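In what follows, a structure is listed as structure tokens, so that the remarks can point back to it.
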Amino acid sequence: MNITVIGVGKIKEKFFTDALKEYSKRLGRFGSFEIIEIPDESIPQNASEKQQEQIKKREGQKILSKLKPQSLVISMCIEGKEVTSPELAGIISDAALKYGRVFFIIGGSLGLSEEVKRRSDMMLSFGRITLPHQLMRVVLTEQIYRAFMINSGSAYHK
């Protein structure tokens, strides 16, 4: 199973990078796990709606260039479907059989372009709150690890 998290922006805080390293190491026993950082675009102060859409489009093109065919693409969006941890485990389990590769996408501070949303097979949400993309990357990675632990029958989820 190959899982790739594509995130816009660089992780700067050591505590976030430490958490991501730890969960990445733990995920190594289940298959390939990779995080790809897409450089975020500079957002001018008081950017117009048109400028914001152009920025999302440029970031989206970079994201789309990293995707591989015959992969399940899941975008993390506030308007996405909310799932429980066991439901996410089921999604990942099904994807392992059908695709073998899953891409999870986390947009930048402006969100995701419509092109990325259209390419997505699924849009998920971890709630209606807004999380910084750096923290979201950690939360998503932990939930991916939790999903594998659920699928392996571990008590981690309890």
Per-residue ³J(HN,Hα) for region 105-117, Karplus 6.51 cos²θ - 1.76 cosθ + 1.60, θ = phi - 60°, Hz, x for Gly and Pro: 10, 10, x, x, 5, 8, x, 10, 6, 4, 4, 5, 4
Amide H to amide H under 5 Å from residue 83: which residues, 5+ apart in sequence or cross-chain, H placed 1.01 Å off N in plane? 125
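Using a 1.4 angstrom probe on the protein heavy atoms only, line up 112, 97 by accessible area, largest first. List each step's numbers first, then the result.
Values: 112 10, 97 155 Å².
Ranked from most to least accessible, the order is 97, 112.
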State, to one decimal in nm, how far the label point of residue 155 lies from the label point of residue 50, with both points 7 Å from Cα in the Cβ direction. 6.2 nm
Taking the full set of protein chains and a 1.4 angstrom probe, give the accessible area of residue 76 in square angstrom, rounded to the nearest 10. 20 Å²
Would you pull out the residues with amide H under 5 Å of residue 104's amide H, same chain only if 5 or more places away, H placed 1.01 Å from N? 4, 5, 6, 74
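For 130, 17, 84, give me the order by solvent-accessible area with a 1.4 Å probe, most accessible first, ignoring ligands, DNA and RNA. Mind dumping the intermediate values first?
Values: 130 120, 17 40, 84 70 Å².
Final ranking, largest accessible area leading: 130, 84, 17.
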If every Lys and Arg gets +1 and every Asp and Glu gets -1 at its Cβ, then about the Cα centre the chain yields a dipole, in debye to the nearest 20, of 360 debye
Note, region 145-158: 3J(HN,Hα) by Karplus (6.51, -1.76, 1.60, θ = phi - 60°), whole Hz, Gly/Pro = x, goes 4, 4, 4, 5, 5, 4, 5, 8, x, 6, 7, 3, 6, 6
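In the structure displayed, which of 66/158; 25/50; 12/117; 21/98; 62/158; 10/81 lie more than 30 Å apart, Cα to Cα?
Table pairs above 30 Å Cα-Cα are 66/158; 25/50; 62/158.
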Per-residue HN-Hα couplings for region 77-85, Karplus 6.51 cos²θ - 1.76 cosθ + 1.60 at θ = phi - 60°, whole Hz, x for Gly and Pro? 9, 4, 8, x, 6, 7, 10, 7, 4
For Cα Rg over 2.2 N^0.38 Å, which listed value, (i) 1.42; (ii) 1.21; (iii) 1.02, comes from the coordinates shown? (iii)
Under a 5 Å amide H to amide H cut-off, with H placed in plane at 1.01 Å, what residues pair with residue 33 once short-range neighbours are removed? 3
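The values are calculated or read from the model by the stated rules, or taken from the named source; none is laboratory data. Note that the structure is predicted; figures quoted are calculated from it, not measured. All Cβ positions, even for glycine, are placed from backbone atoms using ideal geometry, and neighbour counts span all protein chains on display. In case anyone asks, the SASA skips ligands and DNA or RNA and just uses the protein heavy atoms, side chains included. Shrake-Rupley method; radii C 1.70, N 1.55, O 1.52, S 1.80 Å.
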